[in-house]
1. When you look at B:L134, is it in contact with an Asp or Glu (Cβ under 7 Å, 6 or more places away or on another chain) and more than 15 Å from B:L89 (Cβ to Cβ), yes or no?
2. Considering A:L189, A:L185, A:L131, which residue is surrounded by 14 or more Cβ atoms within 10 Å (Cβ to Cβ) and closer than 18 Å to A:W102 by Cα?
3. Looking at the range B:60-78, can you tell me whether even one residue there is crowded, with 17+ Cβ neighbours inside 10 Å, over 16 Å from the mean Cα position of the chain (by Cα), among the acidic types (D, E) and under 25 Å from B:A188 (Cα atoms)?
4. Yes or no: A:F167 in a loop (DSSP other than H, G, I, E, B) and within 15 Å of the chain's Cα centre (by Cα)?
5. Can you tell me which condition B:I108 does not meet? The list is (1) in contact with a helix residue (DSSP H, G or I) (Cβ under 8 Å, 6 or more places away or on another chain); (2) farther than 20 Å from B:I166 by Cβ; (3) in a loop (DSSP other than H, G, I, E, B); (4) not small (G, A, S), and all the others hold.
6. Quick one: in the range B:83-93, which of the residues that are in contact (Cβ under 8 Å) with a residue 40 or more places away in the chain and out of contact with any strand residue (DSSP E or B) (no Cβ under 8 Å at 6 or more places or on another chain) is surrounded by the most Cβ atoms within 10 Å (Cβ to Cβ)?
7. Taking the residues in the range B:145-170 that are buried (at least 18 other Cβ atoms within 10 Å of the Cβ) and among the polar types (S, T, N, Q) as candidates, determine which candidate is farthest from B:F6 (Cα to Cα).
There are 2 protein chains.
Amino acid sequence: MRQLEFFYFLGSGYAYLSVMRIGPLARDAGITVRWRPFNVRTVMAENNIALRSQTAKVKYMWRDVQRRARTHALPFVNAPIWPTDPDLLANRVAMVAAEGGWCEDYTIESFKAWYLEGVALGDRAHLEHVLRPLGKDVDAVIAQANAPAAHERLKMETDAAREYGIFGSPAFVVNGETFWGDDRLEEALSWATGRRRLQDVH
Amino acid sequence: MRQLEFFYFLGSGYAYLSVMRIGPLARDAGITVRWRPFNVRTVMAENNIALRSQTAKVKYMWRDVQRRARTHALPFVNAPIWPTDPDLLANRVAMVAAEGGWCEDYTIESFKAWYLEGVALGDRAHLEHVLRPLGKDVDAVIAQANAPAAHERLKMETDAAREYGIFGSPAFVVNGETFWGDDRLEEALSWATGRRRLQDVH
């Protein structure tokens, strides 16, 4: 089966574009997507990437996301609260969601709340806003997200990302080939549909 | 006149793709390109970007360049010698070339020598290989590149890049709007041809 692994972090600025785009694009291409949130902070630290201190780059990022959102006809209001999810609670809730089969819905609604409604990820307000319409018990989900299994799953998913050579979010893996950045989404999907035969060198 | 400022560094891995692509694309779009080499090391250091120590990212970069070269039907042999041009001599020769009006030719031939023939930029072998076919006196050009005016011009071009919020190479500036990365070349050219009216938000 044609499959693409979608690695992202709840709180990654550029991931917004992919979260909003990947569903329809993958469906059109006949590709199944595995939504795999991971802790990008760990792998960025391991790679000496300190985005928060890269002033010009951060300023550029929000302008670039704004332009690209317009290009892709996606809504954009303002640069979102960033950094966000300091305790990784939103990302550990994603582990619960992945375990339960509702990670895609949770992710899309979370990115919308973060980007379009000015919510900080991991705040009680974020979780209530997103989990209730999904029919989830907010306190029960938070309790699960704080249990050892969710911590362990996040660590394992981060290990998997590292194994694929991932150092940032979003990233896509197709048959062991890694692509970094929303601007490589189409290329990753092409690769998954056989384009790799045209493009691969060795 | 429709113009695009092309900021790049001789020794930047991704700049190869833009150096090889920008001429025909800009001609087709009716855009004049100003070739503006600058010292990317200075602005990367100012932005706490230490690519050399970002192991996974560097590994990814060469694979990504290889894939993108294939996509754009550009030659690719191996990852080039990197880092290169330790004393910035190749970049200061580019200042002499810009002053003399032969920066585009010098840049294209230098990237070809670096990527396709395994030459280290700034080495005597590189400069002889590239400058002689351009009809230049190698020793005279090196003397000019070591004179204060070339150092000063490189500093001024780097200041100009910084003013535009540039933190990496390659980058493109159109009417004060900055685009970073070879994958934004088409977007920058579209912007220069009026697409900005469709895309601009504020």
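The values are calculated or read from the model by the stated rules, or taken from the named source; none is laboratory data. Predicted model, so just to flag it, every value in this text is computed and none were measured. Cβ coordinates were reconstructed from backbone atoms using ideal geometry, including for glycine residues, and neighbour counts include every protein chain displayed.
1. On the way: in contact with an Asp or Glu (Cβ under 7 Å, 6 or more places away or on another chain): yes; more than 15 Å from B:L89 (Cβ to Cβ): yes.
The answer is yes for B:L134.
2. Numbers: A:L189 fails: closer than 18 Å to A:W102 by Cα; A:L185 fails: closer than 18 Å to A:W102 by Cα.
So the residue among A:L189, A:L185, A:L131 that is surrounded by 14 or more Cβ atoms within 10 Å (Cβ to Cβ) and closer than 18 Å to A:W102 by Cα is A:L131.
3. yes
4. For A:F167, the condition - in a loop (DSSP other than H, G, I, E, B) and within 15 Å of the chain's Cα centre (by Cα) - is met.
5. (3)
6. Ranking the candidates gives B:V93 first.
7. That would be B:T158.
So that you can scan it fast, the table gives a plain yes or no per residue for (1) crowded, with 22+ Cβ neighbours inside 10 Å; (2) under 18 Å from A:W180 (Cβ atoms); (3) of a type outside the set (D, E, K, R); (4) modelled with pLDDT of 95 or more:
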| site | (1), (2), (3), (4) |
| --- | --- |
| B:F9 | yes, no, yes, yes |
| B:V33 | no, no, yes, yes |
| B:R41 | no, no, no, yes |
| B:V58 | no, yes, yes, yes |
| B:G100 | no, no, yes, yes |
